[in-house]
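The values are calculated or read from the model by the stated rules, or taken from the named source; none is laboratory data. Everything numeric here is computed off the predicted structure, so don't read it as measured data. Ideal geometry is used to build each Cβ from the backbone, glycine not excepted, and the neighbour counts take in all protein chains shown. Note: accessible area is taken over every heavy atom of the protein model, side chains too, but ligands, DNA and RNA are not part of it. Shrake-Rupley method; radii C 1.70, N 1.55, O 1.52, S 1.80 Å.
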Amino acid sequence: MDESITAPDVNRQMCPSRLVLEHVTSRWGVLVLAALLERSYRFGELRRTVGGVSEKMLAQTLQTLERDGFVHRDAKQVIPPRVDYSLTDLGREAAEQVWALARWTERRLDAVFTAREAYDEARAASSRP
């Protein structure tokens with residue numbers, strides 16, 4: 001079989017790696033993975049930690065990350081029910097990668113704002129008569 005056809009290539013339109021990349025780099029995926037790098041969380045704790053995420057989006061994100069093998073869901077048969085979420089080894093590896101990018105973004109935010117201002121000024125100047 002031809003390796004070039006079957007080898008994962010994120011630039012190929014139908015490559016399954018694109019969907020996995022989308023899951024871990026989505027707004028909520030990055031933040032959930034990052035939070036779980038610290039420790040395991042219960043659903044409500046995680047929702048409070050990841051500011052702005054709705055209950056529905058958090059549930060969907062956790063389910064997607066669990067399906068992909070990044071998150072472990074531990075449901076304890078106690079009253080009241082208790083569910084803890086933690087990273088798998090694969091999830092920890094992914095979380096470290098996306099969290100490094102998130103931290104880099106925080107550190108370089110001033111440079112981005114400077115670039116935006118320069119771009120906007122150049123666009124405005126080129127549109128003047």
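If you check 26, 54, which single one turns out to be open to solvent by less than 90 Å² (accessible area, probe 1.4 Å), of a type in the set (Ser, Thr, Tyr) and within 14 Å of the chain's Cα centre (by Cα)? Write out each step before concluding.
On the way: 54 fails: within 14 Å of the chain's Cα centre (by Cα).
Selected residue: 26, the only one of 26, 54 that is open to solvent by less than 90 Å² (accessible area, probe 1.4 Å), of a type in the set (Ser, Thr, Tyr) and within 14 Å of the chain's Cα centre (by Cα).
Contact map, segment 91-109: first residue in a helix (DSSP H, G or I), second residue exposed (fewer than 11 other Cβ atoms within 10 Å of the Cβ) and not small (Gly, Ala, Ser), Cβ cut-off under 9 Å, separation 6 or more or different chains; pairs are 105/112. Is it true that residue 73 is surrounded by 10 or more Cβ atoms within 10 Å (Cβ to Cβ), among the basic types (Lys, Arg) and under 18 Å from residue 46 (Cβ atoms)? Against the criterion (surrounded by 10 or more Cβ atoms within 10 Å (Cβ to Cβ), among the basic types (Lys, Arg) and under 18 Å from residue 46 (Cβ atoms)), residue 73 qualifies. Considering (1) touching a strand residue (DSSP E or B) at 6+ places or on another chain (Cβ under 9 Å); (2) without any contact (Cβ under 8 Å) to a residue 12 or more places away in the chain; (3) open to solvent by less than 50 Å² (accessible area, probe 1.4 Å), the lone condition that residue 44 does not fulfil carries the number (1).
For every residue, the table says whether it meets (1) open to solvent by less than 40 Å² (accessible area, probe 1.4 Å); (2) out of contact with any Gly (no Cβ under 8 Å at 6 or more places or on another chain).
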| site | (1), (2) |
| --- | --- |
| 77 | no, yes |
| 81 | no, yes |
| 90 | no, no |
| 94 | yes, yes |
| 105 | no, yes |
| 121 | no, yes |
